[in-house]
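Visitor: Before I ask anything, let me first share the structure, which is written out below as structure tokens.
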Amino acid sequence: MRILTLQDYDGWMAVWRAAGLTSIRPLGRDSRDAFARQLAGGTHTLIGAEVDGDLAGVVLVTHDGRKGWLNRLAVAPAYRHLGLAARLVGEAERVLQAEGIKVYAALIEPGNEPSLRLFKKLGYVEAEAGMHYVSKRPGPDA
Ligand SMILES: CC(C)(COP(=O)(O)OP(=O)(O)OC[C@H]1O[C@@H](n2cnc3c(N)ncnc32)[C@H](O)[C@@H]1OP(=O)(O)O)[C@@H](O)C(=O)NCCC(=O)NCCS
């Protein structure tokens, strides 16, 4: 497990693509320039899991001073079921704890049973049924 830097950009984007994440926006908030700004801001941390020098898993950890968010947790298919995602979540919580953040959250798309089971196993509790996620954005690439 190690903290990633902008030099790892191509590697973590490759993991996200291999993992089939549909939410990545390489022209918007996931561009290299966008990450340069985000990582410089002090509220974003990327953690990587390496196996024999290969980047196998990634999680993007953010906080707003009140709550911590685990975003874009992904493990490349060849490295699944080894406990890497669970370890990444543990590292994310440690990073947030060190920042004084005590509440951790993640958004999981409907039907993503592996992710839901993972978080529940790690002690996360699902919000009450009917909770709605709303967002406002300037366009599909943002
Ligand atoms: C979800 C994901 C990150 C899990 O990665 P992983 O490294 O294989 O997970 P782990 O080995 O740490 O598994 C820990 C626990 O998660 C749950 N889990 C993981 N994969 C699972 C699967 N395919 N089906 C059901 N439960 C699963 C299990 O409870 C597992 O514990 P167990 O091994 O004792 O049964 C991975 O499947 C992935 O990258 N998926 C695509 C991207 C994604 O959906 N990310 C989540 C965004 S919210």
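Visitor: Count neighbours as other Cβ atoms within 10 Å of each site's Cβ, and list the trypsin sites (Lys or Arg not before Pro) in segment 62-108 that are DSSP loop with at most 13 such neighbours.
Guide: R66, K67, K102
Visitor: Same structure, new question: With just the Cα atoms defining each centre, how far is segment 90-134 from segment 7-82? Give it in Å.
Guide: 16
Visitor: Here's another thing I want to ask about it. Can you spot the lysines whose alpha carbon is less than 20 Å from K121's alpha carbon? Ignore those fewer than 8 places along the same chain.
Guide: List returned: K102.
Visitor: Tell me the Rg and the Dmax, in Å, that the Cα atoms of segment 41-82 produce.
Guide: My reading of the Cα-based Rg and Dmax gives 12.2, 36 Å.
Visitor: Now a separate question. In the chain, with Lys and Arg counted as +1 and Asp and Glu as -1 at Cβ, which of these residues, P138, G57, L88, has the Cα nearest the positive end of the dipole, that is, farthest along it?
Guide: Farthest towards the positive pole: P138.
Visitor: Separate question: How large is the Kirkwood hydrodynamic radius of the chain, counting all unique pairs of alpha carbons, in Å?
Guide: Across the chain, the inverse of the average 1/r is 15.8 Å.
Visitor: Can you compute the helix-only [θ] at 222 nm over the chain? Use -39500 (n - 2.57) per DSSP H run of at least 4 residues, normalise by all residues, nearest 500 deg cm²/dmol.
Guide: Taking each H run of at least 4 residues, the total per residue is -9500 deg cm²/dmol.
Visitor: What stretch of the chain, leaving out the sites themselves, is the longest with no GluC sites (Glu not before Pro) in a DSSP loop having at most 11 other Cβ atoms within 10 Å?
Guide: Longest stretch, sites excluded: 1-125.
Visitor: Counting pairs of alpha carbon atoms under 8 Å apart in space and at least six apart in sequence, what relative contact order in percent does the chain give?
Guide: Averaging sequence separation for qualifying contacts and normalising by length gives 22 percent for the chain.
All of the numbers you see were taken from the coordinates with simple rules; none came from a lab. Quantities reported herein were computed from a predicted structural model and do not represent experimental measurements. Cβ coordinates were reconstructed from backbone atoms using ideal geometry, including for glycine residues, and neighbour counts include every protein chain displayed.
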